[in-house]
Amino acid sequence: MTFRPYPGLTIACALLFAILCSLGVWQLERLQWKLALIARVDGHMAAAPLPLDQIMAMAPEEAQYRRVALGGRFDHSREAYVFTTDAGAPVYHVLTPFRCDDGKVLMVDRGEVLKEKLDPATRAPGNIAGEIHVTGVWRVPDAPGAFTPPPDMGHRIWFARDLASIAATDHLTLAAPVVI
């Protein structure tokens, strides 16, 4: 009795082997990319905060994840809320326009609140009035996807950090399409 492999099965196994090898190589390349990204983020987070003008002069990729120092005041009347989940529980990120001392406007993510705390009156002690200094991280948010629901304009709730839509709703001109 002699061994005679089926040509179709041999070709299928060779193709499957080539596909699996290419997926393995892709995963190794992705690992190196992720490690480089983590190293860049760690380096930027450990560095001293930069002034706004200096960070705005950088290329967008270079500015990403850098700490930035701002001086100015919040405009709490124009808060926007971005729905997300935290450990499976529904929460909302509070995005508040921040008018810098030089007049530039940026969006600052002030953190998460539960649905019961969406009304600014329930968070009045945390809504800082007057001049303030903020140190945050410069982040370009991901664009809304094809399956992102439209915003609930009546309640000012978005389902992605769609800064262009939020700024247009409030007739704001953002200095940069970033969230601090």
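For segment 65-100, give me each residue that is among the aliphatic types (A, V, I, L, M) and out of contact with any strand residue (DSSP E or B) (no Cβ under 6 Å at 6 or more places or on another chain).
Taking segment 65-100 as the starting set, the residues that turn out to be among the aliphatic types (A, V, I, L, M) are 68-70, 80, 82, 87, 89, 91, 94-95.
Hits for segment 65-100 are 87, 89.
Which numbered condition trips up residue 58, out of (1) in a helix (DSSP H, G or I); (2) farther than 30 Å from residue 114 by Cα?
(1)
What number of residues within segment 93-131 are among the hydroxyl-bearing types (Ser, Thr, Tyr) and either part of a strand (DSSP E or B) or not assigned by TED's automatic domain parsing to the domain that holds residue 68 (or both)?
Qualifying residue count for the region: 1.
Return the residues of segment 134-172 that are hydrophobic (A, V, I, L, M, F, W, C), within 11 Å of residue 82 (Cα to Cα) and part of a strand (DSSP E or B); say none if nothing qualifies.
Of everything in segment 134-172, those that are hydrophobic (A, V, I, L, M, F, W, C), within 11 Å of residue 82 (Cα to Cα) and part of a strand (DSSP E or B) turn out to be 157, 158.
Could you tell me which of the residues 151, 177 is in the same structural domain as residue 65 (by TED's automatic domain parsing) and of a type outside the set (S, T, N, Q)?
Selected residue: 151, the only one of 151, 177 that is in the same structural domain as residue 65 (by TED's automatic domain parsing) and of a type outside the set (S, T, N, Q).
Before we move on, is residue 162 in the same structural domain as residue 96 (by TED's automatic domain parsing) and surrounded by fewer than 17 Cβ atoms within 10 Å (Cβ to Cβ)?
no
Among (1) more than 20 Å from the chain's Cα centre (by Cα); (2) exposed (fewer than 12 other Cβ atoms within 10 Å of the Cβ), where does residue 35 come up short?
Failing condition for residue 35: (1).
Only residues that are surrounded by 15 or more Cβ atoms within 10 Å (Cβ to Cβ), touching a residue at least 40 places away in the same chain (Cβ under 8 Å) and within 30 Å of residue 50 (Cα to Cα): list them for segment 128-158, please.
134, 136, 137, 138, 139, 140, 158
Any residue at all in segment 102-112 that's over 20 Å from residue 165 (Cα atoms), surrounded by 15 or more Cβ atoms within 10 Å (Cβ to Cβ) and small (Gly, Ala, Ser)?
no
The values are calculated or read from the model by the stated rules, or taken from the named source; none is laboratory data. Fair warning: this is a prediction, and the values are worked out from it, not measured in the lab. In this analysis, Cβ positions are derived from the backbone assuming ideal geometry, glycine residues included, and neighbour counts consider all displayed protein chains.
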